[in-house]
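The values are calculated or read from the model by the stated rules, or taken from the named source; none is laboratory data. What you see is a predicted model; the values in this text were computed from it and never measured. Ideal geometry is used to build each Cβ from the backbone, glycine not excepted, and the neighbour counts take in all protein chains shown. Side chains included, ligands, DNA and RNA excluded: accessible areas come from the protein's heavy atoms. Shrake-Rupley method; radii C 1.70, N 1.55, O 1.52, S 1.80 Å.
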Amino acid sequence: MVVLGAGPAGLVLGNLLHASGIDCVILERADRAHVQTRARAGFLAPNTVRVLERHGLAEGLRRRGREHGACEFRTDDGRFTLEYGSLGRGEPHTVYPQQELVTDLLTRYVDTGGRIRFGAEAVAVHGARTGRPSVTVREADGRTGRWQARYVAGCDGRRGAARASLPPGAVRRHHRDHGVSWLGLLVEAPPSLDAVGYAVHGRGFAGHMARTDRITRYYLQCERGRPAGSWSQDAIWAELELRMRAAAYGPLHRGRIVQRGVVDLDSDVLEPLRHGSLFLAGDAASVISPSAAKGANLAVLEAEILARALADDLAHGDGEGLDRYSARCLPHIWRAQDFSQWMIRLLHGPSGPEGETSFHNALRRSRIESLRTSRSQQDWFAENYVGV
Ligand code: APR
């Protein structure tokens, strides 16, 4: 079994396969230090925690993760907090930086004898249709090699070799560009509020998400095409404080901006998540915009489903789970996409003719008011916000 990529999807899959006694190797393009320090998501859904606990992979997050169950909306009409952790199914998120989760998963995999090659970039997957797949790999020293396996799992993200190797027409790609861009910032400063902050403002969206006691993520909606480096530190803080309405609700804790980058919000889903003996999981299967923090959670969910199906097939010759893998994952993916799309439309103003934009903006206002006042709306929000 060859697994491409050592992100959350590939590492959960690798650990589960290895624990089931299946011979597998993970091929990862980056080096180990890079994989363990790449700061990305941080909000784990209750289901993700359950999956990791079920397989003994949750020790670190149990010790260092923090429960989080509130978000605050700030608009021209004022602000309110939704205690989503006690609404809906009554479940909070666990905040645990993704690089720490990845480090835990990697350490467990390597310490229990799992095989992984760093600096090994998959170039292409061949023969998936015929059932005799192989992967060509370029090693860090420039040499190329070939790995053969019964199955290949593409967990190498949206720009990996798995997607690139799909022949035209083999799978369908559903795609939407949301037409919105965010400047994502990682700041060396404690969180400024005890909640996820969503600020809806005429100048665009601003977001606040805790990572640790010392690190906070901020997002600023920005013009498409504007480079991340074109913002001065002062301009960033001025814009964050304006949109978060710091003058009214309290200043933001400023700190060194340690990472910045622009994300163009788009989403896609591949269907089916299989081409012969090549299976897709995580971002390789579906890209979801970060507005509702679902990407890593879907990746873990899919990895567990795929691991069980592969183990049934490889250890017991029962291929039914593999046949059903795509159909089992897609409803979860679409539900997450639906909610993420709803969030995007709630948080961002439209562009277009004046009549349409004012109509959409009035709808957004009405939706936020429903969220503030209607218990059933709040329960719906909570269930979808933490759910995968
Ligand atoms: N060959 C080998 N490895 C590759 C290749 C390649 N050609 N291309 C990419 N990779 C590696 C990357 O270096 C990375 O470590 O695949 C890994 C993919 O990891 P992620 O991008 O974290 O993807 P995934 O495991 O699907 O997790 C997805 O996690 O960060 C969140 O929200 C984010 O949705 C995302 C989710």
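Across region 133-149, computed HN-Hα scalar couplings (Karplus, 6.51 cos²θ - 1.76 cosθ + 1.60, θ = phi - 60°) run x, 9, 10, 8, 10, 9, 7, 4, 7, x, 6, 10, x, 9, 10, 10, 7 Hz from first to last residue, x flagging Gly and Pro. Dividing the mean sequence gap of close Cα pairs (under 8 Å, 6+ apart) by how many residues region 316-388 holds gives a relative contact order of 33 percent. Each residue of region 180-185 is assigned a 3J(HN,Hα), and the resulting list reads 10, 10, 10, 8, x, 10 Hz, derived from the Karplus form 6.51 cos²θ - 1.76 cosθ + 1.60 (θ = phi - 60°), x at Gly and Pro. Distance between the C-alpha centres of region 51-74 and region 121-173: 33 Å, rounded to the whole angstrom. For the chain, the relative contact order comes to 20 percent (Cα pairs under 8 Å, sequence separation of at least 6). At 20 Å minimum axial length over the Cα atoms and a Kyte-Doolittle cut of 0.5, report the qualifying DSSP H helices in the chain, or say none. Flagged H segments are 295-316. Any idea what the relative contact order of region 59-132 is, in percent, if you count C-alpha pairs under 8 Å spaced at least 6 apart? Normalised by residue count, the contact order of region 59-132 is 25 percent.
Taking amide H as placed 1.01 Å from N in the peptide plane, A124 has its amide H under 5 Å from the amide H of T136, each at least 5 places away in sequence or on another chain. Residues in the chain average 44 Å² of solvent-accessible surface per residue, probe 1.4 Å, ligands and nucleic acids excluded.
At q = 0.11, 0.14, 0.16, 0.20 Å⁻¹ the log10 of I(q)/I(0) for region 224-342 amounts to -0.56, -0.74, -0.84, -1.06, computed by Debye summation with a single uniform scatterer per C-alpha, solvent ignored. Comparing P251, P92, P168 in a Gaussian network model of the chain, where Cα atoms under 10 Å apart are tied by springs, the biggest mean-square fluctuation is seen for P168. Taking a ≥ b ≥ c as the square roots of the Cα gyration tensor eigenvalues, region 1-64 comes out oblate, since a/c reaches at least 1.5 and a/b does not exceed b/c. For M244, the accessible surface of its heavy atoms amounts to roughly 0 Å² (probe 1.4 Å, protein chains only, rounded to the nearest 10). Shape class of the chain from the Cα gyration tensor (axes a ≥ b ≥ c, square roots of the eigenvalues): prolate, since a/c reaches 1.5 or more and a/b is larger than b/c. Amide H contacts of Q259: L186, each under 5 Å away and 5 or more positions distant or on a separate chain (H built 1.01 Å from N in the peptide plane; Pro and chain starts excluded). Working note: Debye formula, equal point scatterers on the alpha-carbon atoms of region 74-159, no solvent; log10 I(q)/I(0) at q = 0.15, 0.21, 0.24 Å⁻¹ is -0.80, -1.16, -1.25.
Could you point to the residue in I116, L52, V102 farthest towards the positive end of region 15-135's charge dipole, with +1 and -1 charges on the Cβ of Lys/Arg and Asp/Glu respectively? So the residue we want is I116. Of the heavy-atom accessible surface of the chain (probe 1.4 angstrom), what whole percent is carbon and sulfur? Result for the chain: 46 percent of the exposed heavy-atom area is carbon or sulfur.
Close amide H contacts of G157 (hydrogens built in the peptide plane, cut-off under 5 Å, sequence separation of 5 or more or a different chain): D283, A284. Report note on the peptides 283-291, 17-25: ranked by the mean count of other C-beta atoms within 10 Å, highest first, their order is 283-291, 17-25.
Restricting region 176-277 to trypsin sites (Lys or Arg not before Pro) that sit in a DSSP loop and have at most 16 other Cβ atoms within 10 Å of their own Cβ leaves R203, R214, R224, R254. Sequence-ordered 3J(HN,Hα) estimates for region 244-251 from the Karplus curve with 6.51, -1.76 and 1.60 and θ = phi - 60° stand at 7, 6, 5, 4, 8, 10, x, x Hz, glycine and proline given as x.
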